[in-house]
Amino acid sequence: MIASPKISGTPLPLDLMQANETGEVVELCGNECQIHRLSEMGLRVGAEVRMVCPGSPCLLALGGKRMSVRLNAEVEVLVCARAAS
């Protein structure tokens, strides 16, 4: 498990975010290999993400790029969400 040293707000699972909602990744839990792979793609603690299209897979905007992510029971990404802009 990798956690952010400063968590503000209540973390929620990434897959509960609504379209156009933004948030900061505060924790990654689960299989170390899968967490490492997500981190390589930029989905890591401290990253700001925007939910483009929720679902499975979901479409995220991350660092000027878009990525499709299908999360499973072995990995949980927690974010502190902010209101849609």
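The values are calculated or read from the model by the stated rules, or taken from the named source; none is laboratory data. This one's a predicted model, so the numbers in the text were calculated from it and none came from an experiment. When we count neighbours, we look across all protein chains shown, and the Cβ atoms used for this are built from the backbone with ideal geometry, even at glycine.
The table below lists the values:
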quantity	calculated
Residue, farthest from GLY30 (Cα to Cα), within region 65-85, restricted to residues that are at pLDDT below 90 and not hydrophobic (A, V, I, L, M, F, W, C)	SER85
Answer residue from region 62-77, given it is part of a strand (DSSP E or B) and free of Cβ contacts under 8 Å to residues at least 24 places away in the same chain and is surrounded by the most Cβ atoms within 10 Å (Cβ to Cβ) among those	LEU62
Residue that is modelled with the lowest pLDDT [pool: residues in region 13-29 that are under 18 Å from ASN72 (Cα atoms) and of a type in the set (D, E, K, R)]	ASP15
Contacts under 6 angstrom Cβ, first residue in region 10-37 being crowded, with 17+ Cβ neighbours inside 10 Å, partner of a type outside the set (Gly, Ala, Ser) and assigned to a helix (DSSP H, G or I), 6 or more apart	LEU28/ILE35
Positions within region 31-52 being over 13 Å from the mean Cα position of the chain (by Cα) and assigned to a strand (DSSP E or B), in sequence order	none
